[in-house]
Amino acid sequence: MKYTKISVDNLCNKYQWYTNGDTFQYELLFNECRIGAPIERLATFIYVCSRGYSEKDILEILKKECDCND
């Protein structure tokens, strides 16, 4: 499974990521999903608006949960 807006949203809820982002920033993240941005870019977006996880941790979780290790 590749990442989608829904899978990223579910992961944000599951791990309590993006809790410091506003609606505009959340839409920017989902736009990145729509255009197929690299998983590393999504990890950076999430990291900037989250607390309690390193960017590396977020990237590792995204790769594991979204099966994006192509």
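The values are calculated or read from the model by the stated rules, or taken from the named source; none is laboratory data. It should be emphasised that the depicted structure is a prediction, and the values quoted were computed from it without experimental measurement. FYI the Cβ positions are ideal-geometry reconstructions off the backbone, even for glycines, and counts take in every protein chain you see. When the accessible area is computed, the model is the full protein with side chains, heavy atoms only, and any ligands, DNA or RNA have been set aside. Shrake-Rupley method; radii C 1.70, N 1.55, O 1.52, S 1.80 Å.
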Requested in this report: Compute the Rg/Rh shape ratio of the range 1-49: radius of gyration over Kirkwood radius, all on alpha-carbon atoms.
Outcome: 0.91
Report task. Using only the alpha carbons, work out the radius of gyration and Dmax of the range 26-70 in angstrom. Result -> 10.1, 28
Query raised in the report: So who's got an amide H within less than 5 Å of the one on residue 17, skipping anything under 5 residues away but keeping other chains? H placed 1.01 Å off N, in plane.
Result: none
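At 1.4 Å probe size, with the rest of the protein present, what percent of the exposed accessible area of the chain is carbon and sulfur atoms?
Numbers: 2270 of 4380 Å².
For the chain, the apolar C and S fraction of the accessible surface comes to 52 percent.
For 35, 61, what's the largest-to-smallest order of accessible area, 1.4 Å probe? Working shown, then result.
Numbers: 35 115, 61 30 Å².
Largest to smallest exposure gives the sequence 35, 61.
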Report task. For residue 54 and residue 24, compute 0.36 nm times the residue count separating them, minus their Cα-Cα distance, and round to one decimal in nm. Result -> 8.6 nm
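If you place +1 on the Cβ of every Lys and Arg, -1 on the Cβ of every Asp and Glu, and leave all else neutral, what size is the dipole of the chain about its Cα centre, to the nearest 20 Debye?
In total the dipole reaches around 60 debye.
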Query - Accessible-area ranking of 7, 54, largest first, probe 1.4 Å - result: 54, 7
Requested in this report: Tell me the trypsin sites (Lys or Arg not before Pro) within the chain that lie in a loop according to DSSP and have at most 16 other beta-carbon atoms within 10 Å.
Outcome: 2, 51
